[in-house]
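The values are calculated or read from the model by the stated rules, or taken from the named source; none is laboratory data. Note that the coordinates shown come from a computational prediction; the quantities given were computed from them, not determined experimentally. Note that each Cβ is placed from the backbone with ideal geometry, even for glycine, and that neighbours are counted across all protein chains shown. Accessible surface is based on the protein model in full, side chains and every heavy atom, while ligands, DNA and RNA are left aside. Shrake-Rupley method; radii C 1.70, N 1.55, O 1.52, S 1.80 Å.
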Amino acid sequence: MKNKQIRNTAIAGIGILGALTLTAGCGKADTSSGGGSGDKVVLAEPSWVGAQANAAVVKKLLEDELDVKVEAKQMDEPVAFDALNSGKASAILEDWHGVPKKEKKYVDEKKTVVSGGDLGVVGHIGWFVPKYYADKHPDIKNWKNLNKYAKDFRTSESGDKGHFIGAAPSYSQHDKELIKNLKLDYKHIPSGAEAAQLKEIQRLYDAKKPFLTYWWEPQWMNNKIDMVEIELPKYTPGCEEPAAKAKCGYETNQLEKFLNADFAKENSDAAKFIKKFKWTTKDQNEVAGNIAGKKMKPEDAAEKWIKANKSTWEKWMPKK
C-alpha cells in the first residue's frame, strides 16, 4: 500500500498501487509492435497485491474486450514516474503520492505526465494493533501511551524495546524517523516484503499475541482480522518532509491514476479505458483476497470478478 507508499505502498499490506505502461521512446508511445496507437500495453505492477488486482482486471478486459496486447511487468512508483516522463510508461493506476518531488517535476513543471483521474479507492496508512489487545488496553489507541506498553511488544529481534513491524522497504513510510522523533521505546524492523508481513501478522493474530504494525487500507486481510488504529500526531501537508524531522502520521487520500501526456493526448481506446477505469475498495479487496488469500492465479481472480460485475466494467469501455 502510498503520502508515501503510503503503502515508495500499506498500512499495506499489504503491500500496497497497479500501474500501466506502454512501450515507448522519448515521451511518445511506441506502436511498432502493437499494430496501432494504444494496441501494445505493458502493465507495470507495484509490489503490493492491490496493485496486482488492478492490473489483472485491466489486463483481462483490454485483451478480451478491446483486443489489446498486454504484458505485465513489476514497477514501483519511483521507477514508474520516470518511465511516464520518458514515454516508456503510459499510465500508473494506483499512485499513493509517494514520490512528491517527481510528481511535481513531471506533472507541474515539465507537464510530461497528466492526471488520469481517481482510481475510486481511498488509501490510508497508519499504525495498528489487534483489536483483542486494544480491548484489554484501551489507552494504547493514543501514541502518547505506547511507551507504557512497550514491554508487551518485545521480541528476540527487538531486545529491550518494543517490536514495530515495518513495511516493505519500497513502501512510502517515515516510521523509523517517527519512532525516533517521538522518543518511543520501539525498534523499527522492516518486513522485507508484503507477503512476509501478512504471514507474520496472521501468525501473531491466530496466537492472540500483541503486535504493533504499519498497516493500510485497501488491504484484503482486513476482511479476516480486526485491527485498531493508533492515533498519531495529526497529519498536515508537508509535515513528513524531510522524513528525518517527521513528527506526524499519514495522509488519507484518493488514490490517483497518472498517464504519460502523449499517450493521454492520443486518446486511443486503451487510453480511454484507463481513464474510465474506476472501482471501489471492496472491489479491489475482493480480487486481491482471491489472489493472496485463496491463492488464485491473477487472471482467474480477475475473470471471476469480471463475470460478476459486468454492469460496472461496461462503463469503462470506450463508446463506439
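Structure above, values below:
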quantity: Enumeration of residues in the range 277-320 that are open to solvent by less than 80 Å² (accessible area, probe 1.4 Å) and at positive phi; calculated: none
quantity: Any helices (runs of 4 or more DSSP H) falling wholly within the range 162-276 and containing at least 1 residues that are modelled with pLDDT of 95 or more and open to solvent by 70 Å² or more (accessible area, probe 1.4 Å); calculated: 175-181, 194-206, 269-276
quantity: A301 in the same structural domain as A55 (by the TED database) and of a type in the set (A, V, I, L, M, F, W, C); calculated: yes
quantity: Among the residues listed as K104, K88, K111, K73, the single one being open to solvent by 60 Å² or more (accessible area, probe 1.4 Å) and either β-branched (V, I, T) or part of a helix (DSSP H, G or I) (or both); calculated: K104
quantity: Selected residue [outside any helix (DSSP H, G or I), surrounded by fewer than 19 Cβ atoms within 10 Å (Cβ to Cβ) and at pLDDT 90 or above] from G117, G123; calculated: G117
quantity: Residues being part of a loop (DSSP other than H, G, I, E, B) and open to solvent by less than 30 Å² (accessible area, probe 1.4 Å) - total across the range 91-101; calculated: 3
quantity: Filter pass, E109 being charged (D, E, K, R) and at pLDDT below 95; calculated: no
